[in-house]
Amino acid sequence: MAKKTKIKANRKPKIARDHSWKARVLRGEIEEVDRELPRQERILPRSREEERVKLWTKVEGELRYGSEPEPEINEVPAGWRRSVVTQISTSAYQVDLGSELVLCGVRGSLSASHTGYTNVVAVGDQVFISLGEGGHGVIERVLPRRTVLARPDVTNEDLSQIIVSNVDQLIIVAAWEEPAIWLELIDRYLIAAAEGNMTPLICLNKIDLAENEEDCHREMALYEALGYTVLYTSAVTGRGLDQLRECLVGHETVLAGLSGVGKSTLLMAVQPDLELQVAEVSYYSGEGRHTTSQVSLLRLHGGGYVVDTPGIRELGLVTVHRHELVLYYPEIAALAGECQFNDCTHTHEPGCAVVEAVEEERLAWSRYASYQAIYESLPEYYTE
Ligand SMILES: Nc1nc2c(ncn2[C@@H]2O[C@H](COP(=O)(O)OP(=O)(O)O)[C@@H](O)[C@H]2O)c(=O)[nH]1
Ligand SMILES: [Mg+2]
Ligand SMILES: [Zn+2]
């Protein structure tokens with residue numbers, strides 16, 4: 001016991017060997033960005049609140065605003081029109097010109113090589129098209145993407161497939177029951193949101209199935225403590241739908257989460273003419289059947305649009321490396337400096353302050369469990 005205290009007292013500040021910006025954020029070499037402070041975090045002791053909030057703001061701010069946005073392209077070349085891709089099928093791309101929907105092909109010279117993605121065009125892409133005979137179009141150019149929600153490509157794990165681009169918000173939908181809440185998937189989507197430049201929100205649906213709403217709030221309290229907005233909804237009782245509508249209108253949002261949690265039902269409750277397909281929950285599996293087979297972009301009456309996605313069971317993280325995973329867990333990153341080893345991965349090392357915090361219930365067990373599971377799922381080595 002005495003020995004342990006001594007090691008801690010003599011500990012030098014943690015120095016990361018990495019030279020990436022993320023490591024530099026941790027070392028305090030990058031200026032703090034100006035943004036509203038997140039809500040107070042209650043999981044860790046108050047004495048170090050300020051320090052943590054500062055670190056957190058830096059990391060989060062850098063994750064969100066770190067990459068320089070490419071300049072807006074305002075001029076549309078002669079003969080071309082600007083539009084947004086709303087749906088993709090095997091044979092055609094549907095784009096929205098504002099006044100009409102047009103089916104397009106893609107200019108053969110467009111290629112996805114060197115982009116890191118396998119798809120040339122994604123739902124949500126801003127594109128220039130040319131219109132030909134018979135009202136058919138050709139996508140001539142894809143404009144730079146502001147945000148991206150992606151997952152590993154099924155055919156090539158090193159590349160990713162864009163699920164949707166250019167949405168500002170990612171609403172992670174979970175259900176109280178049928179199917180039960182899966183916290184690791186929520187954490188994976190939170191990481192994907194940070195990676196892809198989207199603001200995450202959590203929506204806990206089917207709260208009518210809970211014995212009382214307090215149980216729902218208790219389950220999600222840890223996310224509220226981390227500063228995330230949590231919506232509590234029921235498409236059956238109408239609870240929380242006004243708040244959901246408020247979050248959606250005027251924004252570009254993607255809804256993601258397990259199949260059967262009620263994404264399509266919620267969207268239709270918010271705007272009944274959306275006409276999405278809804279699955280019946282099959283009682284013995286406790287899961288809805290897959291009915292939203294396509295990603296489609298839907299305009300909202302009050303402005304903005306939503307993108308409904310089919311349930312994505314496994315959200316692999318492509319661009320995150322093991323050593324930087326901790327940066328997506330601000331409450332864990334804030335403890336890392338107290339670990340016995342500078343290069344502690346918080347998975348198995350002795351003297352790990354993170355493990356200690358979990359044992360003392362200062363850190364949510366579910367967050368640590370997802371950190372470990374995701375850490376294991378990421379490749380051990382990577383090449384730049
Ligand atoms: N009890 C209850 N059932 C819901 C709620 N929202 C959706 N459902 C049901 O859950 C099933 C799956 O809904 P669906 O919208 O297809 O889920 P999605 O796969 O996430 O789009 C359907 O049978 C819905 O009627 C809710 O708030 N409460
Ligand atoms: Mg659906
Ligand atoms: Zn550690």
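Could you list, in sequence order, the residues of the stretch 153-183 that are more than 16 Å from ligand 1 (Cβ to nearest atom), modelled with pLDDT of 95 or more and farther than 25 Å from His251 by Cβ?
Leu183
Yes/no matrix, rows are residues, columns are (1) crowded, with 16+ Cβ neighbours inside 10 Å; (2) within 23 Å of Gly316 (Cα to Cα); (3) at pLDDT 85 or above:
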site	(1), (2), (3)
Glu62	yes, yes, no
Ile88	yes, yes, yes
Glu100	no, no, yes
Gly137	yes, no, yes
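Of all residues in the stretch 256-303, count the ones that are part of a strand (DSSP E or B) and either modelled with pLDDT of 50 or more or near ligand 2 (Cβ under 9 Å from one of its atoms) (or both).
Matching residues across the stretch 256-303 total 6.
Within the stretch 143-197, restricting attention to residues that are touching a Lys or Arg at 6+ places or on another chain (Cβ under 9 Å) and in a loop (DSSP other than H, G, I, E, B), which residue is farthest from Ser234 (Cα to Cα)?
Leu143
Please find, within the stretch 338-367, the residue that is farthest from ligand 2 (Cβ to nearest atom) out of those that are of a type in the set (A, V, I, L, M) and not in a helix (DSSP H, G or I).
Leu363
Yes/no matrix, rows are residues, columns are (1) hydrophobic (A, V, I, L, M, F, W, C); (2) closer than 19 Å to Leu226 by Cβ:
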residue	(1), (2)
Val326	yes, yes
Gln340	no, no
Thr345	no, no
Glu349	no, no
Val354	yes, yes
Ala364	yes, yes
Tyr368	no, yes
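Out of all the residues in the stretch 221-246, which are in a helix (DSSP H, G or I) and buried (at least 21 other Cβ atoms within 10 Å of the Cβ)?
Filtering the stretch 221-246 down to residues in a helix (DSSP H, G or I) leaves 221-225, 241-246.
Listed by number, the residues that qualify are Tyr223, Leu244.
Is it true that Leu226 is near ligand 1 (Cβ under 9 Å from one of its atoms), over 15 Å from Glu177 (Cβ atoms) and aliphatic (A, V, I, L, M)?
When the stated conditions are applied, Leu226 does not pass them.
Considering the stretch 151-168 alone, what residues qualify as being within 13 Å of the chain's Cα centre (by Cα) and surrounded by 17 or more Cβ atoms within 10 Å (Cβ to Cβ)? Step through it out loud before you land on a result.
In the first step, residues of the stretch 151-168 are kept if they are within 13 Å of the chain's Cα centre (by Cα); the result is 151, 162-168.
Those that are within 13 Å of the chain's Cα centre (by Cα) and surrounded by 17 or more Cβ atoms within 10 Å (Cβ to Cβ): Arg151, Ile162, Ile163, Val164, Ser165, Asn166, Val167.
Here are Tyr371, Tyr382: which of them is at pLDDT below 90, hydroxyl-bearing (Ser, Thr, Tyr) and either in a helix (DSSP H, G or I) or surrounded by fewer than 20 Cβ atoms within 10 Å (Cβ to Cβ) (or both)?
Tyr382
Only residues in the stretch 254-269 that are within 24 Å of Ile191 (Cα to Cα) and within 6 Å of ligand 1 (Cβ to nearest atom) count as the first member; pair them with residues that are β-branched (Val, Ile, Thr) and assigned to a helix (DSSP H, G or I), Cβ under 6 angstrom, at least 6 apart or cross-chain, and list the lot.
none
Please tell me if Asp308 is of a type in the set (Asp, Glu), at pLDDT below 95 and surrounded by fewer than 17 Cβ atoms within 10 Å (Cβ to Cβ).
Against the criterion (of a type in the set (Asp, Glu), at pLDDT below 95 and surrounded by fewer than 17 Cβ atoms within 10 Å (Cβ to Cβ)), Asp308 does not qualify.
The values are calculated or read from the model by the stated rules, or taken from the named source; none is laboratory data. Source: prediction; values computed, not measured. In this analysis, Cβ positions are derived from the backbone assuming ideal geometry, glycine residues included, and neighbour counts consider all displayed protein chains.
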